[in-house]
1. Considering only the range 156-191, state which residues are away from ligand 2 (no atom under 15 Å from the Cβ), within 13 Å of residue 236 (Cα to Cα) and not small (Gly, Ala, Ser).
2. For a quick check of your reading: which strands (runs of 3 or more DSSP E) sit entirely within the range 208-319 and have at least 2 residues that are surrounded by 18 or more Cβ atoms within 10 Å (Cβ to Cβ)?
3. Return the only residue of 80, 54 being in contact with a strand residue (DSSP E or B) (Cβ under 6 Å, 6 or more places away or on another chain), touching a residue at least 12 places away in the same chain (Cβ under 8 Å) and more than 24 Å from residue 159 (Cβ to Cβ).
4. Among (1) free of Cβ contacts under 8 Å to residues at least 40 places away in the same chain; (2) near ligand 1 (Cβ under 9 Å from one of its atoms); (3) farther than 24 Å from residue 159 by Cα, which single condition is residue 48 missing?
5. Pairs needed: first member in the range 140-164, open to solvent by 20 Å² or more (accessible area, probe 1.4 Å); second member anywhere, basic (Lys, Arg) and outside any helix (DSSP H, G or I); C-beta distance under 7 Å; at least 6 residues apart or different chains.
6. Would the range 210-231 turn up any residue that is within 16 Å of ligand 1 (Cβ to nearest atom) and of a type in the set (D, E, K, R)?
7. Just one of the numbered conditions (1) open to solvent by 60 Å² or more (accessible area, probe 1.4 Å); (2) over 30 Å from residue 118 (Cα atoms) is not true of residue 325; which one?
8. May I ask you to list the residues in the range 1-16 that are outside any loop (DSSP other than H, G, I, E, B) and open to solvent by 10 Å² or more (accessible area, probe 1.4 Å)?
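The values are calculated or read from the model by the stated rules, or taken from the named source; none is laboratory data. Quick caveat, the model's predicted, so the values are computed rather than measured. Reconstructed Cβ throughout: ideal geometry from the backbone, glycine too, with neighbour counts over all protein chains shown. Calculation scope for accessible area: heavy atoms of the full protein, side chains included, ligands and nucleic acids excluded. Shrake-Rupley method; radii C 1.70, N 1.55, O 1.52, S 1.80 Å.
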Amino acid sequence: MTILVTGGAGYIGSHTVLTLLQAGHDVVVLDNLSNSSLESLRRTEALADRTVSFIEGDIRDRACLDRLFAQHDIESVIHFAGLKAVGESMQEPLAYFENNVSGSLCLFQAMATAGVHRIVFSSSATVYGEPGTPIFREDMPTGTPTNTYGQTKLMVEQMLQALARADQHWSVALLRYFNPVGAHESGQIGEDPQGIPNNLVPYISQVAVGRLEALSVFGNDYPTRDGTGIRDYIHVMDLAEGHLKAMEALPDRPGVNIWNLGTGTGYSVLEMVAAYEKACGRPIPYKIAPRRAGDIAEFWADPTKAAKELGWKAERGLDAMMVDTWRWQSRNPHGYRKLEKEVA
Ligand code: NAD
Ligand code: WQD
């Protein structure tokens, strides 16, 4: 099977491409490299000892998509491409609607024209909004995302719902990720944020490696066990395996399938700091800062639907998430931009 992976040079994309290659699938990656570099795919190819067809291009470019579908016999699409910085989405909403919503629309139009009707979409737990319970289940109604990024994810979900209602050829997987962290256990590929990281684990990692001075813990007065926010962190390789299972299930599952990809367990910010310290053997300096606008106190996945329907569950625990993150960060202190250098 040839799979088109949009955004396949990025963080989750590169780990998923590796999993697909290792499972024997042929992969075409379309990526405009706006938030990634080709080095991730070179390393992915080396790890899999297989090659990927790479097309540098944009999901908003219809002619490029039509050429791609004409040249490759694509059976399914895994759609990662898009912008994902929550804060930036509030400053530059039109860039988010254009990349995430118009870009997805353009991709779905090209798929329909090419007769490709199987798609796995990178959605997010953010589409649940603030439902008033910390345990998010797929049969709960979607809510109002607190930011423009989340709104674009919900809009694309709604677009795919309408498409599948209108045309029964479509098989759609909406994968709602919780908080992806970690890296491939080789330490060769991992998350490489540009600029100051927005997310917790990349920030802690850069403190550990000496690129940043101290973590700001956004609030310690939440109604949680230690006052800091609780999230369901999931190892990126577990997430990648979830994509493989979802993609392989689609031929037998017409219509829209929604699956949470999370572990079902939440950890607080301070628990994450302690776990990272244990993994890297260094103290992580932190200070308590005000709450961050838009954050909610705590939530985690109910992952039972994916377990029942896909036979998938997250296998890697918190220690593996942190040890693998540290291995990647310590061997690549500047991500893909510098040659590998051990600091430990
Ligand atoms: P990433 O930025 O590392 O990967 C996205 C990739 O898409 C990048 O390689 C980027 O260059 C590419 N891209 C962006 N716009 C494009 C366009 N218009 N055309 C072609 N390529 C384009 O992000 P990631 O963390 O790997 O996330 C992948 C997907 O998962 C995104 O859709 C993101 O919204 C979603 N997601 C991520 C998280 C998370 O915490 N990382 C959580 C939930 C959902
Ligand atoms: C986790 C916890 C923070 C940074 C975001 C998006 C979501 C999805 C995943 C998708 C919270 C605290 C963080 C820091 C801190 N994105 N924190 N200091 O906000 O759960 O989810 O990423 O593409 O849509 O909203 O993840 O890692 O930013 O925060 O104290 O410097 O860590 O307050 O409790 P979040 P996060």
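1. 184, 185, 189
2. Details: elements: 215-218, 233-235, 255-261, 286-289.
Correct list: 215-218, 233-235, 255-261.
3. It is 54.
4. (2)
5. 149/84
6. yes
7. Residue 325 satisfies every listed condition except (1).
8. Step one: of the range 1-16, the residues outside any loop (DSSP other than H, G, I, E, B) are 2-6, 11-16.
2, 11, 12 - these are the residues of the range 1-16 that are outside any loop (DSSP other than H, G, I, E, B) and open to solvent by 10 Å² or more (accessible area, probe 1.4 Å).
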